Amino acid sequence: MTETAALRTAPLRARAEIDLAALRANVQTLRAHAPGAALMAVVKSDAYGHGAVRCAREAVAAGAGWLGTATPEEALVLRAAGVDGVRIMCWLWTPGGPWREAIEADVDVSVSGMWALREVTEAARQAGAPARVQLKADTGLGRGGCQPGGDWTELVREALRAEADGLIRITGLWSHFACADEPGHPSIAAQLSLFREMVVYAEAQGARPEVRHIANSPATLTLPDSHFDLVRTGIATYGISPSPELGSPADFGLRPVMTLSASLALVKHVPGGHGVSYGHHYVTPGETTLGLIPLGYADGIPRHASGAGPVLVGGKWRTVAGRIAMDQFVVDLGGDEPVAGAEALLFGPGDRGEPTAEDWAQAAGTIAYEIVTRIGTRVPRVYRNASM
């Protein structure tokens, strides 16, 4: 019996079931939204909490030609796990990072400034092999990337010089949107126009990139003019809408991949007027039953959802009663008496009437990206419907 099969049959405090068939279907749907571009499945932050290695392999099986990570360490973990035969790009570097290791692992590295170009060229000298480098343009997000004008001019000039010396290969030119999840926002057109200008400049100087890319999940779904050669899909890969105001996952043809559940640790009768959890922010309005759910903020359940987070128990929506603690929280069962060990569904696709990650995001005043990504390592990932 495999480890995952054993987990699926063992009684567990909690589990995050990862539906790999849904992930593959999402990748195929996203590819259909951008048929003229390659697709990068972004698996940073342990694939948004879903498990990077397993999700990377399934995304590639579904047709993703690239994988994306934030840190070089994340990219190197994929290579060490045998994720080969696919391009991997990482973009969040700090001075002294593992440039040589990335070069030797055949990882594309992003360069946003001259310090990074100097470090990667020196690492290429030491490795005796050219680095695959993608130059990042800051078209208006104000994070990584070179500013248009002098900074971009210098980076392009020096990168081309390093390429002529055989130290690097300029494989990509790229940028990132600030407001792609708000179609019609004036920054979108401005960034797209500036990106085109910066690409034209670099190519006029002699750059011959394999890929040009700016589209993230919302742009992949709603901005076909932004697709260029490659689209980078992060949260949409995992079946969560990047723009709930525009549509649910189903509206975009996507299906949530993660289902989070727990076993009730205790069911007990209490009288009216009984305080519940720290601070007694909830007091029972009358005689009732309380259910103890063994998950808390140490597992990634947001404390900001205290008094508001929804849970399906016994076919009914319940609400977190009082504060969410480090390891547990309580729901008022209203007199119902499920047995200890009964399933409590925190979120999933919604097929059984359970809440979704978006419902928890609304309860916590955040975004669904954060809800799935923060689920911690104390919660086992149980994989279903693997292709291999």
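The values are calculated or read from the model by the stated rules, or taken from the named source; none is laboratory data. Not measured: the values here are computed from a predicted model. Every residue, glycine among them, receives a Cβ derived from its backbone with ideal geometry; neighbour counts consider all protein chains shown. Keep in mind that these areas ignore ligands, DNA and RNA; they rest on the heavy atoms of the full protein, side chains included. Shrake-Rupley method; radii C 1.70, N 1.55, O 1.52, S 1.80 Å.
Annotations for the structure displayed:
- Where the chain is the region considered: accessible area per residue in Å², 1.4 Å probe: 41
- Size estimate for the stretch 173-277 follows the Kirkwood approach: the inverse of mean 1/r over distinct Cα pairs works out to 16.9 Å.
- GNM top mover of LEU67, LEU173, LEU223 - the chain, alpha-carbon springs below 10 Å: LEU223
- Nearest 10 degrees, 0 to 90: helix 52-61 Cα axis against the chain principal axis: 70
- Rg ratio (alpha-carbon, reference 2.2 N^0.38 Å) - the stretch 276-375: 1.00
- For the chain, the alpha-carbon coordinates run over 78, 49, 38 Å along the three principal axes, in decreasing order.
- Put a dot 7 Å past the Cα of ALA178, heading toward its Cβ, do the same for GLU73, and the two dots end up 3.0 nm apart.
- Alpha-carbon centroids, the stretch 284-302 and the stretch 159-229: separation in whole Å: 47
- For ARG132, the solvent-accessible surface computed with a 1.4 Å probe is close to 40 Å², ligands and nucleic acids excluded.
- Only Cα pairs under 8 Å and 6+ residues apart enter the sum, and on that basis the relative contact order of the chain stands at 18 percent.
- With respect to the chain, whose longest principal axis is taken over its alpha-carbon atoms, helix 114-127 is tilted by about 80°.
- Near the amide H of ALA308, within less than 5 Å, lie the amide hydrogens of VAL320, all on another chain or at least 5 residues away, with H placed in the peptide plane.
- Spatially proximal lysines relative to LYS136 (Cα-Cα < 20 Å; intrachain offsets below 8 disregarded): LYS44
- Rounded to 5, percent antiparallel among DSSP beta bridges of the chain: 45
- For the stretch 312-363 versus the stretch 118-137, the gap between their alpha-carbon centres in whole angstrom: 50
- Rolling a 1.4 Å probe over the protein heavy atoms of the chain, with every protein chain left in place, gives an accessible area that is 51 percent carbon and sulfur.
- Helix-only arithmetic for the chain: the sum of -39500 (n - 2.57) across DSSP H runs with n ≥ 4, divided by the residue total, places the mean residue ellipticity at 222 nm at -9000 deg cm²/dmol.
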